[in-house]
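**Student:** Before I ask anything, here is the structure I am working with.
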Amino acid sequence: MASKKFSILLGVLCLSASGAFAQIGGSYDVQDSSVIPSKRLPQHTEFMAHNYAFPALPRNQWELGLKLGAFSVSGDVRSRFPGFGAGLHVRKALGYVFSLRGELAYGTTKGLNFSPSYGYRRNPAWYPTYNATVPVYYNYKTSVWDLSLQGVVTMNNIRFHKSKTGFNIYGFGGIGGSIYDTKIDALNAQGNPYDFSTIPGGGYSNRKNIRKALKNLMDGNYETQAETDPLQPKLFGKSFKPAFVSGAGIQIKLNKKLSLALEDRFTVIKTDLLDGQQWQEGDVNAPAQTRDFDSYNFLSAGLNIAVGGKSVEPLWWVNPLDYAYNEINKPRHMQLPKPVLDDKDGDGVTDQFDNEPNTPAGAPVDSHGVSRDNHG
């Protein structure tokens with residue numbers, strides 16, 4: 001009895017679930033021509049006429065996003081994490097896995113070394129203001145603007161055992177351009193060099209006391225333009241460099257329009273002057289450049305909105321197997337052949353239900369195909 005009740009309940013649940021998928025697929029109806037762009041209507045017509053097996057790719061919405069987060073520079077001067085970053089993007093799916101994203105971002109951060117430096121003879125921001133015989137403490141404040149075009153790869157929307165998912169994992173990479181402006185705090189409020197001889201030593205083990213002493217000594221006004229490369233192109237009066245971006249993120253769906261995103265983006269530009277410093281410590285009379293270029297990182301949280309009428313949701317939220325699985329489960333477009341029920345002995349009972357498959361011709365039979373006697 002309990003088993004029968006369970007079967008009835010399971011049947012009700014299945015009917016409810018099938019009602020939820022009244023459309024072909026849980027995302028959109030492939031028979032709906034209103035979401036098919038005009039250039040793909042011929043394919044849609046062929047599909048609906050059963051002359052082509054694959055439905056046309058639907059028109060899908062654009063995504064607009066705003067993000068805020070922590071910005072930091074990786075260079076020769078220690079970054080005072082976190083700085084501030086912000087970004088805007090527009091994204092469009094070209095398929096279920098790949099999409100393009102254009103992004104405009106801004107970041108600003110500061111840096112300060114707790115170790116004294118002497119190798120600044122070729123750095124015009126420090127020399128000859130300081131005479132290369134006294135130590136300085138490298139510092140900077142950098143502002144960066146960049147514009148990039150990125151390819152985004154969705155990693156988990158193709159699902160074999162579930163219609164849809166509420167989160168999306170993605171990776172991205174692309175190219176763009178960055179402009180940056182770096183200043184340093186080299187002078188006090190009176191316009192004179194700082195007396196760094198008052199700063200205690202001790203290196204890494206005493207870094208907290210050193211930073212505290214530097215904070216008390218310096219006025220925090222980044223008044224001096226950091227060193228720049230005279231051969232480097234300028235844009236809007238600021239240094240410009242091509243940029244290469246890469247990163248990964250996770251997107252959490254709130255509803256059909258809104259989603260949250262957590263993302264980390266790493267950017268490489270071919271310059272060593274994001275932090276205003278490119279010289280090694282060593283022989284002050286023969287300074288050498290440091291080995292690696294600078295880079296920056298933007299760790300962010302964002303809010304995205306899907307926009308566009310007569311369109312399905314962005315395709316990275318759509319499982320491309322959704323239509324096929326639902327069509328197998330509950331056919332609407334599929335052409336099924338008319339069933340053929342064999343009855344070899346012609347007694348009116350099909351073979352699969354016939355308990356006497358070789359009934360004599362004309363003999364009366366019961367509902368199981370068994371011949372009756374003279375009395376029926």
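The values are calculated or read from the model by the stated rules, or taken from the named source; none is laboratory data. Everything numeric here is computed off the predicted structure, so don't read it as measured data. FYI the Cβ positions are ideal-geometry reconstructions off the backbone, even for glycines, and counts take in every protein chain you see. Only protein heavy atoms, including side chains, enter the accessible area calculation; ligands, DNA and RNA are left aside. Shrake-Rupley method; radii C 1.70, N 1.55, O 1.52, S 1.80 Å.
**Student:** Starting from the Cα coordinates of the range 197-319, work out the convex hull volume and express it per residue in Å³.
**Tutor:** Spread over its residues, the Cα hull of the range 197-319 gives 245 Å³ apiece.
**Student:** Protein chains only, probe 1.4 Å: how do F47, F167 rank by accessible area, largest first?
**Tutor:** These residues rank, largest area first, as F167, F47.
**Student:** Please state, to two decimals, what the Cα-based radius of gyration of the chain comes to when divided by 2.2 N^0.38 Å (N = residues). Don't skip to the answer; put the middle values down first.
**Tutor:** Values: Rg = 35.4 Å, N = 376, 2.2 N^0.38 = 20.9 Å.
Normalised Rg, Cα atoms only: 1.69.
**Student:** How about the range 244-327: which trypsin sites (Lys or Arg not before Pro) there are in a DSSP loop, with at most 14 other Cβ atoms within 10 Å of their Cβ?
**Tutor:** K256, K257, K270, R291, K310
**Student:** Moving on to the next point. If a paramagnetic tag sat 7 Å from the Cα of Y127 along the Cα-Cβ line, which residues of the range 280-302 would have the backbone N under 16 Å from that point?
**Tutor:** 280-290
**Student:** Let me ask something additional. Skipping prolines and chain starts, which residues have an amide H placed within reach, meaning under 5 Å, of the one on V312, given they are 5 or more residues away or on another chain?
**Tutor:** Excluding prolines and chain starts, which carry no amide H, the hits are R59, N60, Q61.
**Student:** Oh, and also: Quick one: Cα centre-to-centre distance for the range 266-307 and the range 210-258, in angstrom?
**Tutor:** 9 Å
**Student:** Would you mind getting the accessible area per residue of the chain, heavy atoms of the protein chains only, 1.4 Å probe, in Å²?
**Tutor:** Per-residue accessible area for the chain comes out at 55 Å².
**Student:** Please list the helices of the chain that count as membrane-span-like by this rule: a mean Kyte-Doolittle hydropathy of at least 1.0 together with Cα atoms stretching 20 Å or more along the helix axis, each helix being a complete DSSP H run.
**Tutor:** Those that clear 20 Å and a mean of 1.0 are 2-20.
**Student:** Additional query: Which order do you get for I328, I252 if you rank them by accessible area with a 1.4 Å probe, largest at the top?
**Tutor:** The most accessible residue leads, giving I328, I252.
**Student:** Shifting gears a bit: Compute the FRET efficiency between A324 and Q289 as 1/(1 + (r/R0)^6), taking r as their Cβ-Cβ distance and R0 = 45 Å, and round to the nearest 0.05.
**Tutor:** 0.15
**Student:** Moving to a separate point now. So if I restrict to the alpha-carbon atoms in the range 162-211, what is the Rg, and what is Dmax, the biggest pairwise distance, in Å?
**Tutor:** Here Rg and the maximum Cα pair distance are 23.8, 68 Å.
**Student:** Using a 1.4 Å probe on the protein chains only, how many percent of the accessible area of the chain belongs to carbon and sulfur?
**Tutor:** That share works out to 60 percent.
**Student:** Another question, if that's okay. Per-residue accessible area for D76 at 1.4 Å probe radius, Å² rounded to 10?
**Tutor:** 60 Å²
**Student:** Could I ask something else about it? If you stretched the chain out fully between A53 and F84, how much longer would it get, using 0.36 nm times the residue separation minus the C-alpha to C-alpha distance?
**Tutor:** Details: separation 31, 0.36 × 31 = 11.16 nm, distance 5.13 nm.
Stretched fully, the A53-F84 segment lengthens by 6.0 nm.
**Student:** Tell me the mean residue ellipticity at 222 nm calculated for the chain from its helices only (DSSP H runs of n ≥ 4, each -39500 (n - 2.57), averaged over every residue, nearest 500).
**Tutor:** Numbers: 4 runs with 46 residues, N = 376.
Per the formula, -4000 deg cm²/dmol.
**Student:** Let me ask something else. Go through F54, F266 and list them by solvent-accessible area, largest first, probe radius 1.4 Å.
**Tutor:** F54, F266
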